[in-house]
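Report on one structure; see the data block that follows.
The values are calculated or read from the model by the stated rules, or taken from the named source; none is laboratory data. Because the structure is a prediction, the values reported are computed rather than measured. Note: ideal-geometry Cβ built from the backbone for every residue, glycine included; neighbour counts use all protein chains shown.
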Amino acid sequence: MALRTRLITRTLSSLTRKSNRVDPVYPFSTAAAAAVSPVEEFPSSPTPSSAALFGLVKEYEEYRRSLYGGLTHKALLVDAVGTLVIPSQPMAQIYRQIGEKYGVEYSEDEILKRYRWAYEQPWGRSRLRYVNDGRPFWQHIVSSSTGCSDSQYFEELYNYYTTEKAWHLCDPDAEKVFQALRAAGVKLAVVSNFDTRLRPVLRALNCDHWFDAVAVSAEVEAEKPNPTIFLKACELLGVNPDDAVHVGDDRRNDIWGARDAGCDAWLWGSDVTSFKEVAQRIGVEV
């Protein structure tokens, strides 16, 4: 059965690697995530049909439930932006609204185009964008996106994104679901590429107490898809990576990165579309 389980997980992982979606607003990629493809290990294995794949998934989940007494996993890791929380207004709209009094004249379309270009450029030798509070990186992004280097403009914009006005929860049922998961003994952690403002953001949204741990790239000094950040989250929770499942909206950063760390992974918006569905797949009714 152990061999069968490894084959199942490798097959599922190989299928996810056939899509190369990079988020247009929060792009980040490294060659490491795609360095080894499970497809190469089984060159003669045919791609299973949808029905066969569904059967593999069900078999895998039933096997895990037999291990964990009804649960498929002992821990849930959750991505922040795009999964747990999303911006309340489009980034370019906020950059322009706040920037008007500082002389920003670019249209929202132009700001978005310049933002994407700036965000995709290499950032330092380490490629770590978010070091401590991330100010140097964000100063570069804001000035590149808007053409405005006014320090007061930057501070107002930077501080705006620490408030509850800037963000809202993706799933209105999240609190109820996370309470049910913790009551069932499932440990919870946020795993995010973010600077040190993430903790104030979670407090502002009154959801920081839902989680047993928070692994932030600025503190761990590793950004998804680097497996290090997932391993750190598992260490903070006191679980083995294969006891955890990560849920996130970016195939490269979240799915490939988590699986490279030895965790299971589900793509938000595809494999699962709500936290209630996440809980049900783990084996917890809400």
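A few notes on this one:
- All positions within segment 245-286 that are within 17 Å of THR228 (Cβ to Cβ), surrounded by fewer than 24 Cβ atoms within 10 Å (Cβ to Cβ) and free of Cβ contacts under 8 Å to residues at least 60 places away in the same chain: GLY262
- You will find that of GLY134, GLY99, the residue that is surrounded by 15 or more Cβ atoms within 10 Å (Cβ to Cβ) and modelled with pLDDT of 95 or more is GLY99 and no other.
- Scope segment 126-183; condition in a helix (DSSP H, G or I), charged (D, E, K, R) and assigned by TED's automatic domain parsing to the domain that holds THR273; matching residues: GLU175, LYS176, ARG182
- Number of the exception - VAL104 against (1) under 30 Å from ALA189 (Cβ atoms); (2) at pLDDT 95 or above: (1)
- Residue list for segment 58-88, restricted to those being closer than 17 Å to GLY262 by Cα and touching a Leu at 6+ places or on another chain (Cβ under 9 Å): TYR60, ARG64, LYS74, ALA75, LEU76, LEU77, VAL78
- For the residues ALA183, ALA204, the requirement of being in contact with a strand residue (DSSP E or B) (Cβ under 8 Å, 6 or more places away or on another chain) and among the hydrophobic types (A, V, I, L, M, F, W, C) singles out ALA204.
- Inter-residue pairs, beta-carbon under 8 Å, first in contact (Cβ under 8 Å) with a residue 60 or more places away in the chain and of a type in the set (Val, Ile, Thr) and in segment 172-198, second surrounded by fewer than 16 Cβ atoms within 10 Å (Cβ to Cβ) and not in a helix (DSSP H, G or I), 6+ apart: THR196/ASN132; THR196/ASP133
- Residue list for segment 172-195, restricted to those being among the charged types (D, E, K, R) and within 18 Å of VAL214 (Cβ to Cβ): GLU175, ARG182, LYS187, ASP195
- Residue under evaluation THR83, criteria (1) farther than 17 Å from TRP210 by Cβ; (2) in contact (Cβ under 8 Å) with a residue 12 or more places away in the chain, criterion not met: (1)
- Taking strands (runs of 3 or more DSSP E) as the structural unit, those lying wholly within segment 208-284 and holding at least 3 residues that are under 24 Å from GLY70 (Cβ atoms) correspond to 244-248, 264-267.
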